[in-house]
Amino acid sequence: MAARIFLTAPGMINLRNMRTIEQTTQEILQLASQQFKLPAGSLAAGDDFYKKLGIDSLQALEMLSRLENHFKIELPDYEMQGVSDFRTLAERIQARL
């Protein structure tokens, strides 16, 4: 029996590589806890990351830069205005994947 190879045409969605919003959120929480040396599980999706992490805008930019590198995306500044909780951050990242 011959092996079949399926190639994804340009513009088609490859469902095998898609993350769910929950997976994206968990990756963000894990990366943030590692970056700011917090115990795993101490962050939640609804947390305000400025308050929970005790960070300023420069530290938030550093975190966003790490997330962009991790997910291999670019988050435009206009999309990040007003974002301060992990859930909304995950939604913005998810939209770029």
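Quick note: the coordinates plus some simple rules give every number you see, no bench work behind them. The shown structure was predicted, so the numbers you read here are calculated from the model rather than taken from an experiment. Cβ atoms come from the backbone with ideal geometry, glycine included; neighbour counts cover every protein chain shown.
Annotations for the structure displayed:
- Put simply, the amide H of Asp85, placed in the peptide plane, has neighbours under 5 Å in Phe49, leaving out anything fewer than 5 places away on its chain.
- Region 24-88 - Kirkwood radius from inverse mean 1/r over Cα pairs (Å): 11.9 Å
- Between Ala44 and Asp56, residue separation times 0.36 nm minus the direct Cα-Cα distance comes to 2.4 nm.
- Between Val83 and Leu31, the simple spin-label model (points 7 angstrom out along Cα→Cβ) gives 1.0 nm.
- Each Lys and Arg adds +1 at its Cβ and each Asp and Glu adds -1 at its Cβ; summed about the Cα centre, region 17-96 shows a dipole of about 220 debye.
- Integer Hz, Karplus 6.51/-1.76/1.60 couplings in order for region 39-45, x for Gly and Pro: x, 4, x, 7, 10, 10, 4
- Loop-located GluC sites (Glu not before Pro) in region 18-97 whose Cβ has at most 14 other Cβ within 10 Å (DSSP): Glu74
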